[in-house]
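The structure under discussion appears below in the form of structure tokens.
The values are calculated or read from the model by the stated rules, or taken from the named source; none is laboratory data. Small disclaimer: the values here were computed from a predicted structure and weren't measured. Note: ideal-geometry Cβ built from the backbone for every residue, glycine included; neighbour counts use all protein chains shown.
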Amino acid sequence: MPCHRSLAVLVLLLVSACAQAPTQAPPNASGQNASGQNIAALTEAADTTRGSGRFNEAAELYQYVLMADPKSTAAQYGMAECLFALGKPGEAKRIFRELRGQPEYRGRAVQGLGLVELVQNDREGAAQDLREAVATDPKLWRAYNGLALLADLNHRPDEAAELYTKAMEGNPNSAVLYNNRGYSRLLAGKADLAVADFRKALELDAGSEIILNNLRIAIAARGDYREATKGVPREKLPVVMNNVGYVAMKRGDFAEAEAYLARAMTESPNFETVAAQNLDRLTALKGDGR
């Protein structure tokens, strides 16, 4: 299918950094004269910055803390989360592993390890560490989300549903969770429930192209092809027409599939190869009498 399960993992795990990094160190942020009060204030500022998704800026703030206090576990943990969000899982993994022995950070560190392993496609390692994380701290919703993704990858939709429920108990207003549960339901053939989840996810994150694309696929999976393509900007038409055509093909609506795939090719020569491959699949299916 043109839209893969990996999209849900990316929504969960990879967050774009934004905002400009500070051009100079804050006063008294580093060196022997930095006071405990200054370090605590700077760490708090870094945590707040990271919480708002400004990972590059937060990483620099944590670096200032670590210059003054290399043993700061709070700064080490924050730095690991920033590195992970910025697409440096190997560097993050090293720090998470070191923090695993710290009682205050054990659950979160093991969660971080599990999520890194999930990104690295080490499913066995991810499952083991994510289970340990929720056993250590049942409030770690990202660990439950990761376990739910693993359940879906292993074609266990009922288990995934239970895990998403537990994740939502810890973070009930997460667009990520509604998107991922929607995709889980879509994979399980529950298109109506998937549409409801994707609509809720869009309420929480109105600007997400990934969620909107998933919603269109789910609407198409109900057979509402016109609704799925309504209001699509011209530049998005090739992708949407191809996806809807593919869904129609999987549903056995061959005439509609051919029309949408042909439209995808017409709208964009650059998309011709992908749509043509789907048309070839459609021709093969029609030839098999299915």
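In this structure, Gly114 does not satisfy being modelled with pLDDT under 95, closer than 18 Å to Leu140 by Cβ and not β-branched (Val, Ile, Thr).
Whether any residue in the stretch 170-178 is farther than 27 Å from Arg199 by Cβ, surrounded by fewer than 16 Cβ atoms within 10 Å (Cβ to Cβ) and not acidic (Asp, Glu) is what I want to check. No, the stretch 170-178 contains no residue that is farther than 27 Å from Arg199 by Cβ, surrounded by fewer than 16 Cβ atoms within 10 Å (Cβ to Cβ) and not acidic (Asp, Glu).
Does Asp129 qualify as being touching a helix residue (DSSP H, G or I) at 6+ places or on another chain (Cβ under 8 Å) and acidic (Asp, Glu)?
Working: touching a helix residue (DSSP H, G or I) at 6+ places or on another chain (Cβ under 8 Å): yes; acidic (Asp, Glu): yes.
The answer is yes for Asp129.
The rows are residues; the columns are (1) without any contact (Cβ under 8 Å) to a residue 24 or more places away in the chain; (2) assigned to a loop (DSSP other than H, G, I, E, B); (3) more than 29 Å from the chain's Cα centre (by Cα).
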{"position": "Ile39", "(1), (2), (3)": "no, no, yes"}
{"position": "Ala45", "(1), (2), (3)": "yes, no, no"}
{"position": "Asn56", "(1), (2), (3)": "no, no, no"}
{"position": "Ala59", "(1), (2), (3)": "no, no, no"}
{"position": "Tyr62", "(1), (2), (3)": "yes, no, no"}
{"position": "Lys71", "(1), (2), (3)": "yes, yes, yes"}
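Total residues in the stretch 122-166 satisfying the condition of being in contact (Cβ under 8 Å) with a residue 40 or more places away in the chain and over 14 Å from Val176 (Cα atoms): the figure is 2. The residue list Ala68, Ala8, Ala109 contains one member that is at pLDDT below 95 and within 18 Å of Ala143 (Cβ to Cβ), which is Ala8.
Filtering the stretch 172-226 to residues that are of a type in the set (Lys, Arg) and either without any contact (Cβ under 8 Å) to a residue 12 or more places away in the chain or assigned to a loop (DSSP other than H, G, I, E, B) (or both) leaves Lys190, Arg222, Arg226. Exactly one residue among Leu61, Leu115, Leu66 is under 27 Å from Glu169 (Cα atoms) and of a type outside the set (Phe, Trp, Tyr), and that residue is Leu115.
Does Leu83 satisfy the condition of being more than 14 Å from Leu42 (Cα to Cα), under 17 Å from the mean Cα position of the chain (by Cα) and buried (at least 17 other Cβ atoms within 10 Å of the Cβ)?
Details: more than 14 Å from Leu42 (Cα to Cα): yes; under 17 Å from the mean Cα position of the chain (by Cα): yes; buried (at least 17 other Cβ atoms within 10 Å of the Cβ): yes.
Criteria met by Leu83.
The residues of the stretch 91-112 that are among the basic types (Lys, Arg) and under 13 Å from Ala135 (Cα atoms), listed by number, are Arg106, Arg108. Only residues that are more than 17 Å from the chain's Cα centre (by Cα) and of a type outside the set (A, V, I, L, M) were counted in the stretch 171-198, giving 3.
Modelled with pLDDT of 95 or more and in a helix (DSSP H, G or I), is that true of Glu104?
On the way: modelled with pLDDT of 95 or more: yes; in a helix (DSSP H, G or I): no.
Against the criterion (modelled with pLDDT of 95 or more and in a helix (DSSP H, G or I)), Glu104 does not qualify.
Taking the stretch 221-252 as the range and being surrounded by fewer than 23 Cβ atoms within 10 Å (Cβ to Cβ) and either among the charged types (D, E, K, R) or in contact with a Cys (Cβ under 7 Å, 6 or more places away or on another chain) (or both) as the test, the residues that pass are Arg222, Asp224, Arg226, Glu227, Lys230, Arg234, Glu235, Lys236, Lys250, Arg251.
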